[in-house]
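Before any comments, here is the structure.
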Amino acid sequence: MMWLPLLGLVIGILLGLLTDWRIPSEYANYLSIAVLAAFDTLIGGIRAHLQNIYDEHVFVSGFFFNIILATSLAFLGVHLGVDLYLAAVFAFGVRLFQNIAVIRRILLTKWLESRQKNRL
Amino acid sequence: MLTRKTTWHFTFVSLIIGFMLAIQFQTSHEPDVRDTRDIWEIRQDLKKEQELHKQLLQEIRKYEETLEKYEQQRSENKGAILRQTVEELKKEAGLTEVVGEGVVLYVEQMYDESYVGPVSDTVSAELLRRLMNELNMYGAQYVSIADQRIVNTTVIRDINGVTKVDSYPLRSFPFEIKVIAADAEKMYNRLKASTIADDFALENLLLTISEPQQRVVIPPYDGTVRVKQMEAVEDARR
């Protein structure tokens, strides 16, 4: 069952490449921040799942809410003349690193445990 | 482990992420073509482009000339149309002679041989206005009374006991009333059927209606049309 999300990612990329859609370059910023937000949510969801505190409502609502919040922040920034999207980039970037670090440690611990079990 | 529902959520989210990624990738990675031409090739290309430029300029000049020609033609046409409109308006206002199919009415005095008493030497304005209304009702297009063209501003009134059409007094009998109508036959029949002749008879006048005639000539209005109450419409585009 683990391969299904990966398959989804691949199908999504193929779909995007095949449809040959292009957004105007002035909106590329918004899309990049939306991608970042989506990634953050996905990684956060994986971490929560590994820590057994996963909640599907939080995950799905967080996915859409984060995307909308991030893009509207970028939009506001454009209109205020302040690069507010940097705030979103910073926040998501930091969270992304932290979450990945947590995932790495959990996986590492699990791996070490399983190796010890095998030795015994 | 992962429940079925959770897996689908993750799949859905990753699908969207993949889609967005692909679009972002396509948007930001426009293939940039490197320029690998050497100076001679560039010069040749430049020459080609300059020739194209020249050609385009020539075409532009050609089209501009055509455009100018069209503009000229159009302004000439405009003049012609304006003249035509003026003619039409003049015709409508009664400033031109009109020839057409119609009927002629004769008005003459009618007294018995044995009649003794005052003799009226004019026709009352009231009666004439009534006749005009009847004629208009029956589809008269152009009317003249004693060769005085009736236009929109014509007045028929009694001045010191003499009926005047505009400023022309109706004193001599008989006089003619010429009428042009689209359908002279119909006009004739309707006049025959109306009681207007009886009304004339009451004033001791005999109204004779001619058979429909092929050619009735109605003279133009000879006065000047004075425009007092009309104003030119402001150009709305300004």
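All of the numbers you see were taken from the coordinates with simple rules; none came from a lab. Here the structure is a predicted model, which is why all the values come from computation and not from measurement. Reconstructed Cβ throughout: ideal geometry from the backbone, glycine too, with neighbour counts over all protein chains shown.
Taking chain B as a Gaussian network, where each spring joins two C-alpha atoms under 10 Å apart, which residue of B:Val119, B:Val99, B:Val143 fluctuates the most? Comparing B:Val119, B:Val99, B:Val143 in the GNM, the peak value goes to B:Val119. For the residues of A:38-45, the average number of beta carbons from a partner chain within 10 Å of their own beta carbon is 3. Legend: mean number of C-beta atoms from other chains within 10 angstrom of residue C-beta atoms, peptide A:12-20, equals 6.
Inter-chain neighbour count for A:27-35: the average number of beta-carbon atoms from partner chains within 10 Å of each residue's beta-carbon is 3. Of all lysines in the structure, the ones whose alpha carbon falls short of 26 Å from that of B:Lys228, not counting any fewer than 8 places away in one chain, are B:Lys90, B:Lys91, B:Lys164. Among B:Asp121, B:Asp112, B:Asp199, the largest mean-square fluctuation in a Gaussian network model of chain B (Cα springs under 10 Å) belongs to B:Asp112.
Could you order peptides B:219-228, B:3-12 by the average number of other Cβ atoms within 10 Å of their residues, highest first?
Listed from highest to lowest mean packing, they are B:3-12, B:219-228.
Ranked by the mean number of other Cβ atoms within 10 Å of their residues, highest first, the peptides B:173-182, B:56-65, B:201-210 fall in the order B:173-182, B:201-210, B:56-65.
Roughly what angle does helix B:39-93 make with the longest principal axis of chain B, taking Cα atoms, 0 to 90 degrees, to the nearest 10? The helix B:39-93 is inclined about 10 degrees to chain B.
Taking a straight line from the alpha carbon of B:Lys69, these lysines sit under 20 Å away, with near neighbours fewer than eight places off in the same chain left out: B:Lys78.
Would you give the gap between the C-alpha center of segment B:1-56 and the C-alpha center of segment B:142-187, rounded to a whole Å? Their Cα centres are 87 Å away from one another. The order of the peptides A:83-95, B:83-95, A:107-119, B:16-28 by mean Cβ neighbours within 10 Å, most packed first, is B:16-28, A:83-95, B:83-95, A:107-119.
When chain B is treated as a Gaussian network with alpha carbon springs shorter than 10 Å, the biggest mean-square fluctuation among B:Arg171, B:Arg34, B:Arg149 belongs to B:Arg34.
For chain A, the longest principal axis of the Cα atoms and the long axis of helix A:3-19 meet at an angle of about 20 degrees. Over chain B, dividing the summed -39,500 (n - 2.57) contributions of all DSSP H runs of at least 4 residues by the number of residues returns a 222 nm mean residue ellipticity of -16000 deg cm²/dmol. Taking a straight line from the alpha carbon of B:Lys62, these lysines sit under 17 Å away, with near neighbours fewer than eight places off in the same chain left out: B:Lys54.
The angle separating the long axis of helix B:125-137 from the principal Cα axis of greatest extent in chain B is about 40 degrees.
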